[in-house]
Amino acid sequence: MEETRIGLYVCWCGTNIAKMVDVENVAKEMESMPNVVVSKDYKYMCSDPGQDLIIKDIKEHNLNRVVVSACSPRIHELTFRKALENAGLNPYMFEMANIREHDSWVHTDREEATRKAKTLIAGALNRVRWHESLEKRTVDMNPATLIIGGGIAGISAALEIADSGKKVYLIEKSDKLGGHLLNVDLTYPYMYSAQEMIKPKIDRIENNPDIDIFLNTQIEDLTGYVGNFQTKISQDGAEKELKFGSIIVATGLRAFNPDSIKDYDYANFPNVITSVEFEAMLKSGKILTKEGKEPKNISIIHCVGSRNHDYHEYCSRTCCMTALKYSNQIRSALPDSHIYHAYADMRAFGKGCEELYTKTSGKDVIFLMYDQKNDLPKIKKASVKDKCEMLIELNEKLSGESVEVAADMVILMVAMESNDNAKTLGQTVGVSLCGNEFYIEKHPKLDPVATTTDGVYVVGSCQSPKDIPDSVSQARAAAARILAKINYGTVEVEVTTAVVNEELCCGCQTCVCVCPYTAISYDEEKNVSVVNEVLCKGCGTCGSACPTGAIKCRHYTDQQILSQIEGLLSKSLELQEV
Amino acid sequence: MSFQPTIVSFLCNWCSYTGADLAGTSRMKYASNIRIIRVMCSGRIEPTFVLKAFREGADGVLICGCHPGDCHYHEGNYKCLRRFHLLQKYIKQMGMDEDRLQLKWISASEGKQFAELADSFTEEIRNLGPCKVKEVMETLT
Amino acid sequence: MGNEEKKPKINLAIYWGAACGGCCVSVLDVHESLFDVVAAADLVFWPIALDIKYKDVEAMPDGFIDVTLFNGAVRNSENEYMAKLLRKKTKILVAYGSCSHMGGIPGLANFSDKESLLQRVFDDTESTENPKKIRPQTEYEVKEGVLDLPEFYNDVKTLDQVVNVDYYLPGCPPQTERLVEVFMAIVTGAELPPPGSVVGALVKSQCDECERKKSDNKKINKFYRPWEIEDDGETCFLEQGVICLGPATRGGCGVRCIKGNAPCRGCYGPPPDVIDPGAKMMSAIATMIDSDDPEEIAAIVEQIDDPAGLFYRFSLPSSILRRTIK
């Protein structure tokens, strides 16, 4: 058997690791571990020079295994696997030890963190010895795409893909396309008409032969894998099956219901309305109170349901600018009205947005700041002498004074929150939710539209609150990703699958019903189980269920994991009593 | 003065390992006794691995997977749950405190919960004292 | 003609450690094949059948014995001494039977310890009268001199935990036909598998030979002890809720227990690559539990009265944990 020759690389990650872990000492000490041929520390292993270092060493020292001890493998495992590939080594002859997220960033004692780093590396070194070369597998890519959600994000993605001549199935749960934009009048900051934007797009969709639209439609279930998904949809009770290679989830958002904020008493004040209701009013062309009068005093309360631990911790991102847009629309419709903003911070980061803020500030609009975390404004019924319907009480933060503001109409800038069926749909398509119930992208910075399920993308506000340009950008980014894959014609599928050793399998069939993907079947003639490697997603559950040890979970073999355990628990690396 | 337990933790890639990563990116601090092994799914975790960890000197073993219903592979965490119950019963019979082995659900967004769990589990094992499996094993060889 | 070279006979020894005697009987069960055996081998040591003293073995040159079948576990100093002595005198040392292979039934003593066992035997049993609390001594002086007894160990060990073992021939007891096959392979000079291999057993586990009907319907809502259900005699025990260790146990015994309508108890040991058959079987069995509800799962698990004894009936000393701790 070929001699095992391991290269070990300990990353500083600038100061991220080096500050808490003595990386030089680690690299030096681990050099004496069995089979370690070179052991080096380097500032940034993931940088081009860092990767080149590995490639050079592989060639120079004839390495056949590589361990990089750096950040989480969820971030850079693929980067380093590619480096191995570039050096002519099988990418699976690689293992990472996570000494950043699981060590330097979470511990405070340098000596302990350094010792822990050594244990994690010892585990990785032990494990990598048992790694085996795995060969890439590809399957044909079905060029059709399923898009779930017919709002601006779904529409943009659909057009992008269909304009390239590829099939799109566009599923919408309501009875029309357009989503929330259908209810919007003008858009900030340039006051373009939402209807003028969305209507032509809907027309184009409806007339594009490559787009099949399914309104009033729900997804029943979904099976398959990247390149070859299939689903059952139900449209008005009728079921239909669709096959496609990629999925875009563009299910959008819903508005926060302000009923739960007692001091706003939305349920009882007829003229306390949400931004959604006000938008409809603008679209209808008339700003009127419930009594049918033009309001004299209009207050806009920001961050309703956002940025507060009792409701949602996050910022809904679009409400500040929408509120400014309202000021402009109110000012032109009702030139003599008094406009007040009860706001927490003004967030005006988008293109043209700060300019909108400056412009609006010059239009006789009063901004009153309140403490969003601890001291929300209160809406009270005014007395007759106040000559208005309501009063808003708030402690103005900048002046430090308590202020009362007259109001005939109060607009609550309600938060965006995830749709109520987000969880169910997420489970169907294999996308997890973050703590705020929005879908989690594969990587928050480097892979913002893909998800951990290959072939499934999340775009628009179902991923986090977004404005129109961001939603459209994401939608088109996902479309571009999909078109690239379609263009390539094939996709790589999971290679770390389970495999049955027919010499050992006794045909007990314990594994067959364990598989969530029905990837295992029983071959009666041979009396053995057989894994369909295209369907297998490599969870390894069958390997753990197999009583005979006949199923091997590639890249997560018993031997690899047991060796890692041994390494992690090497006696010399135990924590000392203090 | 105080006993420093050694803890091995098996985390599923999609939820719990990501949750532990989040604890890191959020710079939360927790006890350094815990050593993490990544598996794709908690359904991959076998009794053999857990017993091996105890034999090699772990004082506690913490298994984490996706919350029920959230498993990336649909139901691997339920398989893990079933094995966990039987395994706890077995290690108890073998003279070990069954709480040396625990199974908790940590989602990808629960970095804080993971950090707290790492601390509380470490403390619990510290109170239980050293696990004697490895020591006994050394007297046998 | 006439100058046909006669193959030299090999020297064969059979010894028992902590054993019940069944393994020796399984050797006797070769019946008429004994003639083939003695035609090919001289029995140089076999306490159950031949009057050869330890000192005779000690006097043998190293490597004098070609093959020793060592049955029984190592549970006292005499077992250990003989294991080491025979290792020195033997070319091919075979761990014969479950006890020397994995600890076997005597290995279940690892659920207890020396002191508790002695207390039970010399103090507590209902039939014991031992007011002076006499315990076995390793040395006892009588007027003729000093008598010595082996030291009783705290732990039961497998043969390979004491000496290097060349082959394992599993079973409680091993099937006699398998012994004859192995023996004839050795005497005829057939190519032997690499040292450390299991011989006289199949690579595949019991289910491969088992004729009961098997399906993928391995879902268990309730566990039954074998006497708690009326076995239909046809369906896989597991599918009837009866724990059968067949899938984690090598074939080779001819599925004798299962043919006798008793589930496999695991005496033939694990298939290749499985280091702890009890752990593998626990994993498989637990996976079959048909519930996702923690409380229901716990309740179903409770129905397995004694998982340690059940899953490690023959393999406790060779398992990962080896024994209970206090």
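Leaving out ligands, DNA and RNA, what percent of the accessible area of the stretch A:498-553 is carbon and sulfur, probe 1.4 Å?
Accessible surface attributable to carbon and sulfur in the stretch A:498-553 totals 48 percent.
Leaving out ligands and nucleic acids, note down the accessible area per residue over chain C with a 1.4 angstrom probe, in whole Å².
Heavy-atom SASA per residue in chain C reads 48 Å².
Interface size between chain A and chain C, please: total buried accessible area, 1.4 Å probe, rounded to the nearest 100 Å².
Result for this pair: about 1700 Å² buried.
More than 43 angstrom separation, counting every C-alpha pair in chain A; what % is that?
Pairs farther apart than 43 Å: 38 percent.
Placing +1 at every Lys and Arg Cβ and -1 at every Asp and Glu Cβ, with all other atoms neutral, what dipole size does the protein assembly as shown have around its Cα centre, in debye to the nearest 20?
Magnitude of the dipole: close to 1680 debye.
If you take the square roots of the eigenvalues of the alpha-carbon gyration tensor of chain B and sort them as a ≥ b ≥ c, do you get rounded (a/c under 1.5), prolate (a/b over b/c) or oblate?
oblate
Any chance you could check the stretch A:392-438 for residues losing 40 Å² or more of accessible area when the partner protein chains are in, compared with the chain on its own (1.4 Å probe)?
A:Gln427
Please list log₁₀ I(q)/I(0) at q = 0.10, 0.15, 0.20 Å⁻¹ for the stretch A:256-417, using the Debye equation with identical point scatterers on the alpha-carbon positions.
-0.32, -0.76, -1.48
Ordering C:Tyr81, C:Tyr268 by accessible area with a probe of 1.4 Å, largest first, what comes out?
In descending accessible area the options line up as C:Tyr81, C:Tyr268.
Considering only protein heavy atoms and a probe of 1.4 Å, how much of the accessible area of the stretch A:342-487 is carbon and sulfur, as a whole percent?
In the stretch A:342-487, the share of accessible area belonging to carbon and sulfur is 52 percent.
Go through the stretch B:85-126 and flag every residue whose accessible area shrinks by 40 Å² or more with all protein chains in place compared to the isolated chain (probe 1.4 Å).
B:His85, B:Leu86, B:Lys89, B:Tyr90, B:Gln93, B:Met94, B:Ser109
Determine the total buried accessible area between chain A and chain B, counting protein heavy atoms only with a 1.4 Å probe; round to the nearest 100 Å².
Buried: approximately 4800 Å² between B and A.
Cut-off 10 angstrom, C-alpha nodes, Gaussian network model of chain C. Which of C:Ser98, C:Ser215, C:Ser291 fluctuates the most?
Answer for the Gaussian network model of chain C: C:Ser215.
Using a 1.4 Å probe and counting only protein heavy atoms, arrange B:Glu110, A:Glu2 so the residue with the most accessible area comes first.
A:Glu2, B:Glu110
Counting every Cα pair in the stretch B:86-140, what percent are over 19 Å apart?
Cα-Cα pairs of the stretch B:86-140 separated by over 19 Å account for 43 percent.
Given 20 °C and 1.002 mPa s, how large is the Stokes-Einstein diffusion coefficient of the stretch A:215-350 in µm²/s, with Rh as the Kirkwood radius over Cα pairs?
116
Of C:Leu310, C:Leu169, C:Leu117, which is the most mobile in a GNM of chain C whose springs link Cα atoms less than 10 angstrom apart?
Comparing C:Leu310, C:Leu169, C:Leu117 in a Gaussian network model of chain C, the most mobile one is C:Leu117.
Kirkwood hydrodynamic radius, computed over distinct alpha-carbon pairs, for the stretch C:157-262: how many Å, to one decimal?
15.9
Within a Cβ distance under 14 Å of A:Asp336, other residues only, what is the Lys/Arg minus Asp/Glu net charge?
In short, +1.
Would you mind pulling out the separation of the Cα centroids of the stretch A:257-320 and the stretch A:142-203, in Å?
Centre-to-centre (Cα) distance: 26 Å.
Using helices alone, what [θ] at 222 nm do you get for chain A, with -39,500 (n - 2.57) per DSSP H run of 4 or more residues, divided over all residues and rounded to the nearest 500?
Helix-only estimate at 222 nm: -8500 deg cm²/dmol.
Considering the Cα positions of the stretch A:6-134, please state its Rg to one decimal place and its Dmax as a whole number of Å.
13.1, 40
Mean shadow of the stretch C:167-326, computed from the convex hull of its alpha carbons, in nm²?
One quarter of the hull surface, i.e. the mean projection, equals 11.0 nm².
How many percent of all Cα-Cα pairs in the protein assembly as shown sit more than 57 Å apart?
I get 28 percent for the Cα pairs in the protein assembly as shown exceeding 57 Å.
Which whole-angstrom value gives the distance between the alpha carbon centres of the stretch A:324-389 and the stretch C:123-160?
Rounded to whole Å, the Cα centres lie 95 Å apart.
Using protein heavy atoms only (no ligands, DNA or RNA), what is the total accessible area buried between B and C, 1.4 Å probe, nearest 100 Å²?
3000
Evaluate peptide B:19-28: per residue, the Cβ atoms of other protein chains within 10 Å of its Cβ; return the mean as an integer.
Going residue by residue through B:19-28 and averaging, the value is 5.
For chain C, what does -39500 (n - 2.57) per DSSP helix run (n ≥ 4), summed and divided by total residues, give at 222 nm, in deg cm²/dmol to the nearest 500?
Counting only the DSSP helices, I get -7000 deg cm²/dmol.
Along Cα→Cβ, 7 Å out, is where each label goes; now give me the distance between the ones at A:Val499 and A:Glu29 in nm to one decimal.
The answer from the label model is 3.8 nm.
Please check the stretch A:547-563 for residues whose accessible area, probe 1.4 Å, is lower by 20 Å² or more when all protein chains are in place than in their chain alone.
A:Pro547, A:Thr548, A:Gly549, A:Tyr556, A:Asp558, A:Ile561, A:Leu562
Of all beta bridges DSSP finds with both residues in the stretch A:280-423, what is the antiparallel percent, to the nearest 5?
Restricted to the stretch A:280-423, the bridges split so that about 40 percent are antiparallel.
Kindly report the accessible area of chain A per residue (heavy atoms of protein chains, probe 1.4 Å, no ligands, DNA or RNA), in Å².
Per residue, chain A has an accessible area of 42 Å².
Taking the Cα centroid of the stretch B:72-118 and of the stretch A:499-518, what is the distance between the two, rounded to the nearest whole Å?
Rounded to whole Å, the Cα centres lie 25 Å apart.
Leaving out ligands and nucleic acids, note down the accessible area per residue over the stretch B:39-141 with a 1.4 angstrom probe, in whole Å².
Per residue, the stretch B:39-141 has 31 Å² of solvent-accessible surface.
What FRET efficiency comes out for A:Glu111 versus C:Ser116 if R0 is 41 angstrom and r is the Cβ-Cβ distance? Round to the nearest 0.05.
0.40
Which Cys in chain C stand alone, with every other cysteine's Cβ at 4.7 Å or more from theirs?
Cysteines of chain C left without a disulfide-compatible partner: C:Cys20, C:Cys23, C:Cys24, C:Cys99, C:Cys210, C:Cys236, C:Cys244, C:Cys253, C:Cys257, C:Cys264.
Solvent-accessible area of C:Asp306, probe 1.4 Å, all protein chains present, reported in Å² to the nearest ten, please.
We get 70 Å² for C:Asp306.
Which percent, nearest 5, of DSSP beta bridges in the protein assembly as shown are antiparallel?
40
Who wins for biggest fluctuation among C:Pro136, C:Pro271, C:Pro294 in a Gaussian network model of chain C, springs between alpha carbons below 10 Å?
C:Pro294
Calculate the mean, over all residues of peptide C:209-222, of how many other protein chain Cβ atoms lie within 10 angstrom of the residue's Cβ.
3
Nearest 10 degrees, 0 to 90: what angle lies between the long axis of helix A:110-128 and the longest principal axis of chain A (Cα atoms)?
It works out to around 60 degrees.
Count, for each residue of A:96-105, the Cβ atoms from other chains sitting within 10 Å of its Cβ, then give me the mean as a whole number.
5
Using a probe of 1.4 angstrom, how much of the accessible area of the stretch C:112-153 is carbon and sulfur, in percent?
Of all accessible area on the stretch C:112-153, carbon and sulfur atoms account for 52 percent.
Any idea which of A:Asn64, A:Met30, A:Ala87 is furthest toward the positive side of the dipole for the stretch A:9-118, if Lys and Arg beta-carbons carry +1 and Asp and Glu beta-carbons -1?
Of the candidates, A:Ala87 comes out farthest on the positive side.
Pull up the DSSP beta bridges for the stretch B:7-133 and report the antiparallel fraction as a percent, rounded to 5.
Roughly 5 percent of the DSSP beta bridges within the stretch B:7-133 come out antiparallel.
On the first, second and third principal axes, largest extent first, how far apart are the outermost C-alpha atoms of the stretch C:80-140 in Å?
So the three principal-axis extents are 49, 28, 17 Å.
Using Cα positions and a limit of under 22 Å, work out the lysines in reach of B:Lys112, with same-chain residues fewer than 8 apart set aside.
A:Lys116, A:Lys373, A:Lys423, A:Lys442, A:Lys445, B:Lys29, B:Lys104
The values are calculated or read from the model by the stated rules, or taken from the named source; none is laboratory data. Note that the structure is predicted; figures quoted are calculated from it, not measured. Reconstructed Cβ throughout: ideal geometry from the backbone, glycine too, with neighbour counts over all protein chains shown. Side chains are part of the model used for accessible areas, which takes the heavy atoms of the whole protein and leaves out ligands, DNA and RNA. Shrake-Rupley method; radii C 1.70, N 1.55, O 1.52, S 1.80 Å.
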